[in-house]
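Please treat every number below as a calculation from the coordinates, not as lab data. Just so we're clear, the structure is a prediction, and the values are computed from it rather than from any experiment. Cβ coordinates were reconstructed from backbone atoms using ideal geometry, including for glycine residues, and neighbour counts include every protein chain displayed.
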Amino acid sequence: MSSNKPFLKNWITVFSVAVSLTLTWGCASTTDKNLKRLDKTLRIYNNAFESKSEDGGSSYVLNDYRMDYLLKYGDIQSRVSFLQAQKLNIAYFKDGKPLEINDDNPDGEVDEAVITMRYKVTISPSNRLKTFIHEQRWKLKGKTWRLEPNLKPFLK
């Protein structure tokens, strides 16, 4: 019977470590989840926007802006040709104040992000290449990231 005690102690130790690791891994920070959602949303939205899909990613636009967005996006579909797009920077905010997400502050609560993009486009009737910097302002609504759009640079 005494030979079972070390086995039982080892089993309990292994079980405790496994449970604590599972809880640690399963409880990724809210910020980490939000930033992963933002990254996925950015890829889907920008792909729809630049490929001139039917709705241009309007499902990611804040409701108050959606109708105006769709009206302007119709002009973008017919006039703008995207040649290149590049994400240059991401700035994070909490309650309107800049927030640094880094190794020293990995769990900063983010509720807004400004994505700085560089676009190379042609806008008809011209065929001249135009390069400009554009900011996309994203806001976290519940668990979903929504865009506060500004399409003016694409329609000049």
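Under 8 Å for C-alpha pairs, at least 6 residues apart: give me the relative contact order for region 42-156, rounded to a whole percent. Before the final figure, lay out the partial values.
Numbers: 184 pairs, mean separation 27.3, N = 115.
Dividing the mean separation by the residue count of region 42-156 yields 24 percent.
Quick one: 117, 67, fewest Cβ neighbours within 10 Å first, how do they rank? Show your work: numbers first, answer last.
Details: 117 17, 67 11.
Placing the least packed residue first, the sequence is 67, 117.
Compute the distance in nm between two label points, each set 7 Å from the Cα along the Cα-to-Cβ direction, one at residue 75 and one at residue 43.
Label at residue 75, label at residue 43, 3.3 nm between them.
Taking a quarter of the surface of the convex hull around the Cα atoms of region 29-155, what do you get in nm²?
Numbers: hull surface 31.3 nm².
Answer in nm², one decimal: 7.8.
Count charges around residue 155 for me, please; just the other residues with Cβ under 9 Å from its Cβ, Lys/Arg as +1, Asp/Glu as -1.
Values: positive: 72, 79, 152, 156; negative: 75.
Surrounding charge for residue 155 is +3.
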